[in-house]
Amino acid sequence: MLATIARPRLAVRPTGQPPRRRTAGGRRLALAAAAVIALAAAGCGSPRVTPLPEGATVVVGDSITAGYGVGAGEAWPAKLAQRTGWQVVAAGVSGDRSADGRVRLPALLDLHSPALVIVELGGNDMLRGVPTVETVANLDAMIAEARARGAAVVLMAAPRPNALGMLTGLSAAPFYRELGERAKVPLIADALPAVLSDSALRLDAIHPTAEGHAALARRAADELARIGFVAAR
């Protein structure tokens, strides 16, 4: 049975604002260790892990996380904060590829000391023809860096570019699942592809509307709860 945790004050903090001082290093390390052990034990399934303790969640992403075309309060990181009670740092930069996120991550870890890092990158790599091996290497390095700092990691998959998929339904690029299984990292596989497959939820081919961001946050929160990072209520 999952233990109920104290809910932190709901907030979405801009990336440049220093966090409140806390002494949660031991809890972050314990969370990361528990996540790795649970994932290893369950293989390629969807294991449950220890609910997230108090501390920041950093979302490292591109224009999806930056909230392109919508207000900051309407973007999916803000909606995720509302649904979970977490402090969510929306570290999204429009146009970023995995290589850019890899460069930015150490400073974000220094500044926020997160309990959880959600990596929402790779979509621009595919759009710009970056070789998959390079994208995977960058994401792999980000996973290792975050874990070395005591943070748990979750990947959010971007859909594979597919003109027909805009009509019939998009699906996550296969390399996300392959990386998640190999690195024992939970994957939010279907949330973004599902939102971008719905013409009523997107501004254009690659960006959600405000309603799309709300749907993305709902799907992400549901998946995080299924994994076990969100405590049962």
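The values are calculated or read from the model by the stated rules, or taken from the named source; none is laboratory data. The model shown is predicted, which means the values in this text are computed figures rather than measured ones. Methodologically, a virtual Cβ is constructed for each residue, glycine included, from the backbone with ideal geometry; neighbour enumeration extends over all protein chains shown.
Points to keep in mind about this one:
- Complete set of residues in the stretch 208-219 that are in contact with a Phe, Trp or Tyr (Cβ under 7 Å, 6 or more places away or on another chain) and within 12 Å of ALA189 (Cα to Cα): LEU216
- Count of the stretch 70-80 residues which are modelled with pLDDT of 95 or more and either aliphatic (A, V, I, L, M) or within 12 Å of the chain's Cα centre (by Cα) (or both): 6
- Residues that are surrounded by fewer than 19 Cβ atoms within 10 Å (Cβ to Cβ) and either modelled with pLDDT of 95 or more or within 17 Å of ASN124 (Cα to Cα) (or both), drawn from the stretch 167-182: SER171, PRO174, PHE175, ARG177, GLU178, GLU181, ARG182
- Residue that is polar (S, T, N, Q), crowded, with 17+ Cβ neighbours inside 10 Å, within 14 Å of the chain's Cα centre (by Cα) and not in a helix (DSSP H, G or I), where the choices are THR57, THR65: THR57
- Remark: pairs (first residue in the stretch 131-158, farther than 20 Å from ILE227 by Cα and without any contact (Cβ under 8 Å) to a residue 60 or more places away in the chain; second residue assigned to a helix (DSSP H, G or I) and aromatic (Phe, Trp, Tyr); Cβ separation under 6 Å; 6+ apart in sequence or on different chains) = THR132/PHE175; VAL136/PHE175.
- When restricted to residues that are surrounded by 17 or more Cβ atoms within 10 Å (Cβ to Cβ), charged (D, E, K, R) and over 24 Å from ALA194 (Cα atoms), the stretch 114-144 contains 0.
- Options ALA163, ALA225; residue that is surrounded by fewer than 22 Cβ atoms within 10 Å (Cβ to Cβ), of a type in the set (Gly, Ala, Ser), touching a Ser or Thr at 6+ places or on another chain (Cβ under 9 Å) and modelled with pLDDT under 95: ALA225
- Only one entry in ALA173, ALA183, ALA221 is under 17 Å from the mean Cα position of the chain (by Cα), in contact (Cβ under 8 Å) with a residue 24 or more places away in the chain and more than 23 Å from PRO131 (Cα to Cα), namely ALA221.
- For the stretch 82-113, the tally of residues that are in a helix (DSSP H, G or I), surrounded by 19 or more Cβ atoms within 10 Å (Cβ to Cβ) and either at pLDDT 95 or above or over 15 Å from the mean Cα position of the chain (by Cα) (or both) stands at 7.
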